[in-house]
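Participant: The structure's right below; bear with me while I get my questions together.
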Amino acid sequence: MLATAFVLAAEALAQGFTNPVIPGFYPDPSVCRVGDDYYLVNSSFQFFPGVPLFHSKDLVNWQQIGNVLDRPSQLHLPKATCWGGIYAPTIRYNDGTFYMITTNCSDKGNFLVYTDDLSKGWSDPVWLKQQGIDPSLFFEDGKCYMVSNPNDGIWLCQINPKTGEQLTESRLLWNGTGGRYPEAPHIYKKDGYYYLMIAEGGTEMGHKVTIARSRRIEGPYQSNPANPILCHQNMMAQTNPIQGTGHADLVQAHDGSWWMVCLAFRPMAGGCHNLGRETFLAPVRWDKDAWPVVNGNGMIAEKMDVPTLPLRQLEKQPSRSDFSKMKPAVGCAEVMRRIGPHWVFVRNPEEKNYSIKDGLVLNCSTNQLSGVEGSPSFVARRQQKMDFTATTKLTLRKARKGDEAGLSVFMTEESHYDIFLTKNSAGKTVVQVRYNLISLSHEEAAVEIPGDECYLRVEGDKDNYSFSFSADGKNFRKIGTMNARYLSSECAGGFTGVTLGLYSQSANKKTAATATFDFFEM
Ligand code: 6LW
């Protein structure tokens, strides 16, 4: 009884939280509420499954409950690179149905999927005519409106969300306040006004959020005199560890309070960022007939000293995957269900290359990590902290010279650092480190090891990634260190962030080699 009373008191008094609320490469957040449940989605680019889906009870603690696009019929990623695939999604709930609308830049552009029941998965794509990126939906009086950003402006049309038919001509609503790349539009209705919130400035240091309003959904829209409502490109934020704040969505909580989710990044080495754009949270004050004010001054912090909803901790992503203790699985679809929704593949994975039997088994693929043809044998999770240690144990079987398997610090197809086992000309197993940096590549000296198995480790901090191996999992020998900043968005490019991946690839035309990974811990 006493314990219950204490929990209730603690719930009512919740104060303060830490940003980012979803660390690592989880950009372009969009959020919706159903009762006292909150759902959030992010963009996913060349990775499969696409559009991670999170659930929360308090907007602070988020649990990934799946991926919206988890079947090949929903997500076709031919030759998708770190600049391609799935761009910013929007999630909305209307009259018993969830909708997720986004752009597949490597396929036919804008589409939506829907479901009445999250446990049953989402529909196949409903393709849409109005182009431009960052599509969003607004529902009112049985009507469904779509906004997106063709031709550097925000355009509106009415659609039938179940067929994709466009019901009205596209019309221009707003070009923003003059910042480059007006994008990320969302419409909200409050106190008889339609509010159109967008992002401007490009997704770099000058990223910001602006807003306009109108009495009619078609406009004309009047810009907020206090724009931007969120921006870190000012003197007060010049030393803030959070930069590039923008691409936001608003939600009214079940207690009536307003909140914003947005993306931003945390620079590490030399002002560059490796973790991708992450998901942040801020309170919003939105008085009757007034413009919304984000966190008092249009800036956010890592330590947010503000009242929150009663906090409810949800299950976190596990730090360790014990593949050797998992039930056997054959084919990628079954493997995906075993290893959990936080693991991703590059483009559309080849079914036959993945299985679980005494570990996670990757058939060596002739598709390379550095290529854009087909899909390499590669399965990864996001780097979520600057300081981390990632360890795996690997057995390489039936390998010849040219076959290799290991652990990759994967930023883009062009830029990744790999530690791997391979065979030398004498047929002996060696462990080696290679750095791929766009058109530069460097290999550290290979070290011969007895047998075909080995522990591999990557350690990261804000400056470097270091690579080591071990025979017993206790004593590790370092065989390479490389600067972290070359894998940053600023150097390597792309819209993504670093992932840590297990892979197996071959330079030979044909190979029978397999890699068995016992576990992965980060
Ligand atoms: C996204 C756009 C943006 O579609 O970058 O930061 C693009 N904002 O809104 C890719 O994430």
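Participant: Out of the stretch 307-366, which GluC sites (Glu not before Pro) are coil in DSSP terms and have no more than 11 other C-beta atoms within 10 Å?
Facilitator: Answer in residue order: GLU315.
Participant: Roll a 1.4 Å probe over the protein chains and send me the accessible area per residue for the chain in Å².
Facilitator: 40 Å²
Participant: Treat every Asp and Glu Cβ in the chain as -1 and every Lys and Arg Cβ as +1, leave all other atoms uncharged, and give the resulting dipole magnitude about the Cα centre to the nearest 20 debye.
Facilitator: 840 debye
Participant: Put a dot 7 Å past each Cα toward the Cβ at HIS342 and GLU373; how far apart are the dots in nm?
Facilitator: It is 3.5 nm.
Participant: Quick check on the stretch 320-521: take the gyration tensor over C-alpha atoms, sort the square-rooted eigenvalues as a ≥ b ≥ c, and tell me if it's rounded (a/c under 1.5), prolate or oblate.
Facilitator: Judged from the Cα gyration tensor, the stretch 320-521 comes out rounded (a/c under 1.5).
Participant: Right, another one. Just subtract the alpha-carbon distance of ASP463 and MET205 from 0.36 nm times their residue separation and send over the number in nm, one decimal.
Facilitator: 90.9 nm
Participant: Further, regarding this structure: Restricting to DSSP H runs of at least four residues, report the calculated mean residue ellipticity at 222 nm for the chain, -39500 (n - 2.57) per run over all residues, nearest 500 deg cm²/dmol.
Facilitator: So the calculated ellipticity at 222 nm is -1000 deg cm²/dmol.
Participant: Here is a follow-up. Could you give me the percent of Cα pairs per 20 Å distance bin for the chain, shortest bin first, beginning at zero and ending with the bin that holds the maximum distance?
Facilitator: 23, 53, 22, 2
Participant: When Rg is the radius of gyration of the Cα atoms in the stretch 338-401 and Rh is its Kirkwood radius, what does Rg/Rh come to?
Facilitator: Rg divided by Rh gives 0.97.
Participant: Continuing with this model, one more query. Place a +1 charge on the Cβ of each Lys and Arg in the stretch 320-521 and a -1 charge on the Cβ of each Asp and Glu, then give the dipole magnitude about the Cα centre in debye, rounded to the nearest 20.
Facilitator: 500 debye
Participant: If you don't mind, there's one more thing I want to ask. What is the Cα coordinate range of the stretch 274-388 on the first, second and third principal axes, sorted by size from largest, in whole angstrom?
Facilitator: Its Cα atoms span 59, 33, 31 Å along the three principal axes.
Participant: Determine the dipole magnitude for the stretch 173-286: charges of +1 sit on the beta-carbon of Lys and Arg, -1 on that of Asp and Glu, nothing else is charged, the reference point is the Cα centre, and the result goes in debye to the nearest 20.
Facilitator: 220 debye
Participant: Next question. Mind pulling the angle between the C-alpha long axis of helix 2-12 and the longest principal axis of the chain? Nearest 10 degrees, somewhere in 0 to 90.
Facilitator: Orientation of helix 2-12: about 70 degrees from the principal axis.
Participant: If you don't mind, another one. Where a Cα-Cα gap under 30 Å defines reach, which lysines qualify for LYS510, not counting those fewer than 8 residues away within the same chain?
Facilitator: Correct list for LYS510: LYS79, LYS327, LYS352, LYS357, LYS393, LYS398, LYS401, LYS423, LYS428.
Participant: Then there is this: Taking R0 as 22 Å, what's the FRET efficiency between GLU315 and ASP387 from their Cβ-Cβ distance, rounded to 0.05?
Facilitator: Rounded to the nearest 0.05, the efficiency is 0.45.
Participant: Under the classification rounded if a/c is under 1.5, otherwise prolate if a/b is larger than b/c and oblate if not, where does the stretch 15-307 fall, given a ≥ b ≥ c as square roots of the Cα gyration tensor eigenvalues?
Facilitator: rounded
Participant: Which distance in nm do the two modelled labels at ARG477 and GLU351 give, with both placed 7 Å along the Cα-to-Cβ direction?
Facilitator: The two pseudo-label positions are separated by 4.4 nm.
Participant: Go through the stretch 187-217 and name the trypsin sites (Lys or Arg not before Pro) that are in a DSSP coil and have 13 or fewer other Cβ atoms within 10 Å of their Cβ.
Facilitator: Here the sparse-neighbourhood loop sites are ARG215, ARG216.
The values are calculated or read from the model by the stated rules, or taken from the named source; none is laboratory data. Everything quoted here is computed from the prediction, not taken from an experiment. Cβ coordinates were reconstructed from backbone atoms using ideal geometry, including for glycine residues, and neighbour counts include every protein chain displayed. In case anyone asks, the SASA skips ligands and DNA or RNA and just uses the protein heavy atoms, side chains included. Shrake-Rupley method; radii C 1.70, N 1.55, O 1.52, S 1.80 Å.
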